[in-house]
Amino acid sequence: MHRSQRNPNFSSTVPCDLAVKILKRIPPEHRHSFTTEQVKALQNALAEKRQKQPNLKVTLGPFYLSLTAGRSQRSTLQRSHHSILVPVLCMMVSMVGTGCVAGLMQFRYGYQAAHANTAFQTDEESFHPTVLPFRKNQSNCEKNGAAWIDRECVDPNHDPTF
């Protein structure tokens, strides 16, 4: 290779930091053999790679989520195919999710309505008066319409399941 085709001062022609780092790792005898066109091609390739990298990358085990912003790099055929498919899939998923939530709510309220009356049924024979522990003296107990029995305030008018 002729001396005129070599690029001994590569750092002034390569503004890309990654290209400079790569070229500095190459041994000097090989580094100076790069032509200006080769350095520019390396710079362009690295610039394209840098543009295609995602802005946000979250790694969760073997899976990752990447969030990118910018112009779409897909072809018009891919975009037209996905422009119909994505809204249809979103609508189907929304309808299935809404149906599942509505079904679970109906099951829950139906189950509660069916078993609500049997849970708190009281027989007149098994009904017990309510002891009011917050009334400590007889005068306060009898003043509010309850009875003082065995040093406890007992109210026969209230349901113990309130």
Only listed residue being among the basic types (K, R) and at pLDDT 85 or above, chosen from R135, R74, R108, R79: R108
Go through the range 112-132 and report how many residues are at pLDDT 70 or above and aliphatic (A, V, I, L, M). 4
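The values are calculated or read from the model by the stated rules, or taken from the named source; none is laboratory data. Nothing here was measured: the structure is a model prediction, and the numbers come from that model.
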